[in-house]
Amino acid sequence: MLDGDDEREVLWGAMAAIAAVGPFTAEAAYAVHHGLARRCPPRPATASTVARAGSAAAREPAVDPDGKAPAEAVAEAVDAERLDRRIGALDGRSQNLHEPGGPWARAIALRYREICLGYLVVRSLTTPSAEETALTDLLAQQTGMVLARLTGRRGPPAGGSQDVPGTGDLSGTGNLPEPEDGSPTAGLGDRTAAALASRLATHEALSRAGVSGRGEAGILQTLHEHTGFAALTEDRFGNPRAWAGPRGGDPRSGTGSGMRPEPENRRRDALMHRARRRPGAVQDRDRLVMPVAMAGDLLGVVALVDPDQRAAEADTSALEQAALVLAPLLSHERRLAELEPRLRRDLVDRLVSGEWTEDAFTQAAALGHDLHRQHRVAVLEWLGAAEGAALGDAVARAAERLRRDVLVGSRGASTVVLVAGEDRRDPGDELYRAVSDELGTGAGAIGVGGQCDVLADLPHSYGEAVRALAVRRRSQDPYGSTGFDELGLCRMIGTGEGEREADRFVRVWLGRLLDYDAHHHTELVMTLSRYLESGCSYDATSEMLLIHRSTVRYRLQRIGEITGHDLGVAETRLNLHIATHIRNVLDPPR
């Protein structure tokens, strides 16, 4: 290395020598000028085949004289650019680059008198011993001394670029120039420049990640790459959102559904209060935490897992910049979460009320639903879901599990669902079971309207669903699903006027008998209902009621006397049968 004419030859020599001191392979070398790390090109024999990361050649996968496939060339260029970013974010110190469980890798700083002049990136399939690591440190010291002698000569920097000047002339002793006043601040300007360059590189990378379209995960991955710490985000309540880096360092990295104890909640609330009162990140046990806020509204936190509290000022700065980049992203996500249910509700309301226009197809497509299909309308009410939003979310999750395409909205206290797809069967039963599983209670009812071939029929299907729901709610079993096609004669029920007419019909034909049963605690209405349902069979009625045949005959005689109706007339039996059926639906016996 002492015989080298420029920095590149020195770094080439160091890369060749690294293999002699242990099980190492040199991957790359960098020279530092004014705080900027530039990759050293390979030896001239292969210089034409390797492009500097970020250059146009590195982005052209079609030309590769080494015969590598285009995909391999692109992958190598991406890996090289990622390594360049990580090296550019270092603060002039050596740092491990490997992930837990992966091959050993380290960036070794080439330093002289507290000034970093370059880096060697070395890898090893096995973890080196302490002696082998000490030899690499000795080689780095020697390389740093040689670089210090050469950096004063003007010439092209290690990256091959002509726009970065040398660091000034060296004295005859080969040492870096001292300040004219002899103060001990030699190299302070270079160190400051290096720190600023590292910080700017990190901020630029986080800003690029924020607009790259990779979202929260991309920002966290960039933060992890530039700090070396695992990075994570949590919502404002402390629930995990995203993670980047090794997961072994934080026992809270899982997304378990267990409830946090109240003392932990109070401790977290105190931490958030303290973090928002003072600027910058705060240390919370094994993590460095930074709130993510927009216009005073706390959106969540971003944190670095730092159990040994090794985070430097550059890491804290990167964490704070990540919080600034995440704030508009999380704020936009919250606004979408608040806006989308309202858009769905408004669209469903217009569709079932018949006030829709042609732009409804476009709006539905933007919400991920295709209106150019057959639909049924389902109306749901649940006692266990105090808020309509909770029931709507449960319906959406249940429909996704059932692989049904639905559009969920609401009208008043009811949740309204447009169920897409041609299905001659009633889809309410499986939807009822799935929603019950989501909410943890079956105390709900679903009414399902008829199938619609065109959107103009949706209001009619909605009216049918409302009537089916009303019948189910007044039936002997108020919990479950009822389709309008199942109602039969009870289709007249479900609207205010229809129910009033049905009640009057029941009173005309059964009023006296109902009053007699209530006053004498008898079961004559039940006996009449079972007798008519059995086709007027004494034997079948006695078996259903578990009474003697003569008792059935006596009760029917008393029914005729009380009501004044002749059970031998077919039309009378028909009206009584209808009345008992409606009564069983609207006012079931206890």
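The values are calculated or read from the model by the stated rules, or taken from the named source; none is laboratory data. Source: prediction; values computed, not measured. Don't worry about glycine lacking a Cβ; one is built from the backbone with ideal geometry, like all the others, and counts go over all protein chains shown. With ligands, DNA and RNA removed, areas are computed over all heavy atoms of the protein, side chains included. Shrake-Rupley method; radii C 1.70, N 1.55, O 1.52, S 1.80 Å.
None of Glu422, Glu438, Glu430 is part of a loop (DSSP other than H, G, I, E, B), open to solvent by 40 Å² or more (accessible area, probe 1.4 Å) and among the charged types (D, E, K, R) except Glu422.
Residue-wise test of (1) in contact with a Leu (Cβ under 6 Å, 6 or more places away or on another chain); (2) at pLDDT 85 or above; (3) not β-branched (Val, Ile, Thr).
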site: Arg310; (1), (2), (3): no, yes, yes
site: Thr316; (1), (2), (3): no, yes, no
site: Leu326; (1), (2), (3): no, yes, yes
site: Ala337; (1), (2), (3): no, no, yes
site: Arg345; (1), (2), (3): no, yes, yes
site: Asp349; (1), (2), (3): no, yes, yes
site: Gly354; (1), (2), (3): no, yes, yes
site: Thr357; (1), (2), (3): no, yes, no
site: Ala360; (1), (2), (3): no, yes, yes
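Number of residues in segment 87-108 that are in a helix (DSSP H, G or I) and either without any contact (Cβ under 8 Å) to a residue 60 or more places away in the chain or surrounded by fewer than 20 Cβ atoms within 10 Å (Cβ to Cβ) (or both) equals 1. Only a single item in (1) in a strand (DSSP E or B); (2) crowded, with 24+ Cβ neighbours inside 10 Å; (3) in contact with a helix residue (DSSP H, G or I) (Cβ under 6 Å, 6 or more places away or on another chain) is not met by Ala26, and it is number (2).
Identify, please: which residue in segment 337-368 is within 21 Å of Arg411 (Cα to Cα), small (Gly, Ala, Ser) and assigned to a helix (DSSP H, G or I) and is, among those, nearest to the chain's Cα centre (by Cα)? Here the answer is Ala337.
Output the residues belonging to segment 197-211 that are among the aliphatic types (A, V, I, L, M) and open to solvent by 100 Å² or more (accessible area, probe 1.4 Å). Result: Leu200, Val211.
Arg334: part of a helix (DSSP H, G or I) and out of contact with any helix residue (DSSP H, G or I) (no Cβ under 8 Å at 6 or more places or on another chain), yes or no? Considered against the rule, which asks whether it is part of a helix (DSSP H, G or I) and out of contact with any helix residue (DSSP H, G or I) (no Cβ under 8 Å at 6 or more places or on another chain), Arg334 comes out as yes.
The number of residues in segment 1-21 that are closer than 18 Å to Leu125 by Cα, open to solvent by less than 20 Å² (accessible area, probe 1.4 Å) and not in a helix (DSSP H, G or I) comes to 0.
Condition check: in a strand (DSSP E or B) and open to solvent by less than 10 Å² (accessible area, probe 1.4 Å). Does Val417 satisfy that? When the stated conditions are applied, Val417 passes them.
Residues being among the hydroxyl-bearing types (Ser, Thr, Tyr), within 18 Å of Pro103 (Cβ to Cβ) and open to solvent by less than 10 Å² (accessible area, probe 1.4 Å): count how many of those fall in segment 120-150. Of the residues in that region, 2 qualify. One residue alone among Leu343, Leu339 is surrounded by fewer than 17 Cβ atoms within 10 Å (Cβ to Cβ), among the aliphatic types (A, V, I, L, M) and touching a residue at least 24 places away in the same chain (Cβ under 8 Å), and that residue is Leu343. Among the residues of segment 36-56, write down those that are over 30 Å from Ser129 (Cβ atoms), open to solvent by 20 Å² or more (accessible area, probe 1.4 Å) and either modelled with pLDDT under 80 or of a type in the set (Phe, Trp, Tyr) (or both). Within segment 36-56, Pro44, Ala45, Thr46, Ala47, Ser48, Thr49, Val50, Ala51, Arg52, Gly54, Ser55, Ala56 meet the criteria.
For Pro291, indicate whether it is assigned to a strand (DSSP E or B) and either modelled with pLDDT under 90 or among the polar types (S, T, N, Q) (or both). Break it down stepwise before answering.
Values: assigned to a strand (DSSP E or B): yes; either modelled with pLDDT under 90 or among the polar types (S, T, N, Q) (or both): yes.
When the stated conditions are applied, Pro291 passes them.
Just so you know, in segment 220-241 the residues that are of a type in the set (S, T, N, Q) and surrounded by fewer than 24 Cβ atoms within 10 Å (Cβ to Cβ) include one that is farthest from Ala312 (Cα to Cα), and it is Asn239. Is it true that Ala468 is of a type in the set (A, V, I, L, M), in contact (Cβ under 8 Å) with a residue 12 or more places away in the chain and in contact with a Phe, Trp or Tyr (Cβ under 8 Å, 6 or more places away or on another chain)? Yes, satisfied. With respect to Ala130, is the statement that it is free of Cβ contacts under 8 Å to residues at least 24 places away in the same chain and in contact with a helix residue (DSSP H, G or I) (Cβ under 9 Å, 6 or more places away or on another chain) true? Against the criterion (free of Cβ contacts under 8 Å to residues at least 24 places away in the same chain and in contact with a helix residue (DSSP H, G or I) (Cβ under 9 Å, 6 or more places away or on another chain)), Ala130 does not qualify. Here Asp284 does not fit the description of being in contact with a strand residue (DSSP E or B) (Cβ under 7 Å, 6 or more places away or on another chain), closer than 29 Å to Arg86 by Cα and open to solvent by less than 50 Å² (accessible area, probe 1.4 Å).
The number of residues in segment 346-380 being surrounded by fewer than 20 Cβ atoms within 10 Å (Cβ to Cβ), within 20 Å of Val466 (Cβ to Cβ) and of a type outside the set (S, T, N, Q) comes to 5.
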